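Encoded as structure tokens, the structure appears first; notes follow it.
The values are calculated or read from the model by the stated rules, or taken from the named source; none is laboratory data. Note that the structure is a prediction, hence the values are computed from the model and not measured. Positions of Cβ are backbone-derived with ideal geometry, glycine not excepted, and every protein chain shown enters the neighbour counts.
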Amino acid sequence: MGTGTTSRAARPVWQQPVVQFVVVGLVVAVFLAWITGVLGERLAQEQAIDDARSTTTLLAETVVEPALSSGLLDTQAGDLDRFDRLVRSRVLRGEVVRVKVWDANGRIVYSDEPRLIDQMFPLDADQGDVLASGGSDAEVSDLSKSENTLDQELGRVLEVYSRVEAPNGEPLLFELYLSDNNLEARADELYRLFRPLTVGGLLLFLLLTTPLVWVLSRRADAAAADRERLLVMAAEASDAERRRVARDLHDGVVQDLAGTSFALSGMARDTLTTADLDRSALRRDLDRLATAVRRSLLGLRSLLVEIYPPNLEGVGLGAALQDLVANARESGMQVRLDVTGADELGADVTALIWRTAQECVRNAVRHGGPDHLEVTVGVDAAGRMATLTVTDDGAGFNVDASPSPDSFGLRGLRDLAREAGGTLTVRALPGDGATVRLEVPAS
Amino acid sequence: MQHTTKFTIAKIGAVALSGVVLAGLATPALANDADVIRRGSCAGNSDWKLKASPENNRIEVQGEVDSNVNGQTWKWRMRHNGQVSARGAATTSGPSGSFDVRRLMVDLSGTDRIGWRAKNPATGEVCRGSLRY
């Protein structure tokens, strides 16, 4: 896999979370505005009907019923005139645009529209109920009904019925038509009342939360970019690892085994051609070659440990680190390994400590050439923080120098430590060794 | 009376003819096509006037007495199809010593009969007139 960097393509505006949040919020605000208008109109209509019923009942009891006369029921002109003048002066005011008085047979005893007087129309069930039981009823007028033929110019009106009684006890139906021209105004008034609570509230919510969403979105984008970078680094590290293993095999074990092979071939030839074979010399040579083969085997084992991390849960972090530093010890380096509290660590923390120790030991052996190497693992008294310290007295390096393109180790480890909620610090000076310290939450 | 259907040229002619016959007692006059006006003399020195006009599907009735004396109180009464529609009292005023009252009556189907009566209780003079509309 080749090395290099990848860049995240910029998302279209409509795919950005903040834009989507604001758009959805505005759509919801518009919907709320609409539903508030609908509810406001409905509420206004209910209020208008309630008001109309109250008005009708009041007029029926205080104005109309006291003015009813038997002459009115008989369509006597004088009674009609007096009742008409009363209705025009005290009833036909404000929202009241039509007045009708019905008898139980559906005859219009009186109307402010004289052409309706003495006309007969069938009463509907609601009107019959009010006539029979009293009370009042209200509804939006159905102008298609025959009784409303002359009421078309009134527009949309509310019909309200109330029962009244003639002086002879005959029940009559007092009907008012009330203009609902102010219904829209009343709905607007209610809408204005609710708008700050609904639409305004939502807009305020949008205003307050949009910055939060923006920040969260930025964080999510940054986290995604970090993950993507780590993946790239892991892939690049894996590539470099394979190259390093191949180089180690070629420069180390392969060379040793080749040398051993040549030596053995020479010895085999000598045993056939030399008459006076020095058996003690032969034995020394064979012991030396056996030592070389064991060293090669040890090198291969260390390489295997590096290539394939041990089963940390099975063998434990301490044993795995012993294997890790074995190669360094074999090469003559003074190694001190101190592991305490490793059993209390979580699996992810153990793996991170192992991975960090592996990288640090490898760097020390390969680049530092130290005489002493110290690896310490511990957990603080509260059992909350785990610490790994790898110190060597080798060649050291300049911490501030730009890492080589192949140097992914410490950079990647620093990211891994941060992901785990910890820190990785490096102290090193050219010619004065290096110390790498990892601190992470223990669980 | 529904003036849109009833008020015909023939009827205007009939009213005018009856006015000629009753000259001296009640003189009909026409203000416009829809109005019906009657005038006449009371029992004394006063004159009366009765006028019916269409007004928003109703009949506006105007009764008037002209006695040429200021400060007289008259009791008046309007009838509609024989029923008392309105009544009251009024006092003459102004340069002409007159009063007038206006009332709206329901315009019923068919011909409406409208009567006008005024009486001066002090002198006993009575004015009386009528019209059909």
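Assorted remarks:
- Pairs are defined by a Cβ separation below 9 Å, a sequence spacing of at least 6 or placement on different chains, a first member in segment A:418-443 that is without any contact (Cβ under 8 Å) to a residue 60 or more places away in the chain, and a second member that is β-branched (Val, Ile, Thr) and part of a loop (DSSP other than H, G, I, E, B); the pairs so defined are A:Val426/A:Val399; A:Arg427/A:Val399; A:Ala428/A:Val399; A:Leu429/A:Val399.
- Restricting segment A:93-126 to residues that are part of a loop (DSSP other than H, G, I, E, B) and within 14 Å of chain B (Cβ to nearest Cβ), the residue that is farthest from A:Leu150 (Cα to Cα): A:Asp118
- If you filter segment A:55-77 down to residues that are aliphatic (A, V, I, L, M) and within 14 Å of another protein chain (Cβ to nearest Cβ), you find that the one that is farthest from the chain's Cα centre (by Cα) is A:Ala77.
- Positions within segment A:313-347 being surrounded by fewer than 14 Cβ atoms within 10 Å (Cβ to Cβ) and touching a residue at least 60 places away in the same chain (Cβ under 8 Å), in sequence order: A:Glu344
- Options A:Val99, A:Val164; residue that is in contact with a Pro (Cβ under 9 Å, 6 or more places away or on another chain), under 18 Å from A:Thr57 (Cβ atoms) and modelled with pLDDT of 90 or more: A:Val164
- Here is the figure for segment A:24-58: residues that are touching a helix residue (DSSP H, G or I) at 6+ places or on another chain (Cβ under 8 Å) and of a type in the set (A, V, I, L, M, F, W, C) total 9.
- Apart from one condition, A:Ala290 fits all of (1) surrounded by 12 or more Cβ atoms within 10 Å (Cβ to Cβ); (2) at pLDDT 85 or above; (3) over 30 Å from A:Gln15 (Cα atoms); the exception is (1).
For every residue, the table says whether it meets (1) of a type in the set (Ser, Thr, Tyr); (2) closer than 30 Å to B:Gly115 by Cβ; (3) modelled with pLDDT of 90 or more.
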residue: A:Gln76; (1), (2), (3): no, yes, yes
residue: A:Asp79; (1), (2), (3): no, yes, yes
residue: A:Asp84; (1), (2), (3): no, yes, yes
residue: A:Asp103; (1), (2), (3): no, yes, yes
residue: A:Asp142; (1), (2), (3): no, no, no
residue: A:Ser146; (1), (2), (3): yes, no, no
residue: A:Ser179; (1), (2), (3): yes, no, no
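- In segment A:78-92, the residues that are within 10 Å of chain B (Cβ to nearest Cβ) and touching a helix residue (DSSP H, G or I) at 6+ places or on another chain (Cβ under 6 Å): A:Asp79, A:Phe83
- Each residue in segment A:339-376 was checked for being small (Gly, Ala, Ser), within 20 Å of A:Ala417 (Cα to Cα) and not in a helix (DSSP H, G or I), and 2 of them qualify.
- Number of the exception - A:Ala224 against (1) more than 26 Å from A:Arg366 (Cβ to Cβ); (2) surrounded by fewer than 11 Cβ atoms within 10 Å (Cβ to Cβ): (2)
- Meets criteria (buried (at least 17 other Cβ atoms within 10 Å of the Cβ), within 30 Å of A:Gly201 (Cα to Cα) and away from chain B (no Cβ under 14 Å)) for A:Glu46: no
- Segment A:410-438, residues that are outside any helix (DSSP H, G or I) and either of a type in the set (Val, Ile, Thr) or closer than 11 Å to A:Leu230 by Cβ (or both): A:Thr423, A:Thr425, A:Val426, A:Thr435, A:Val436
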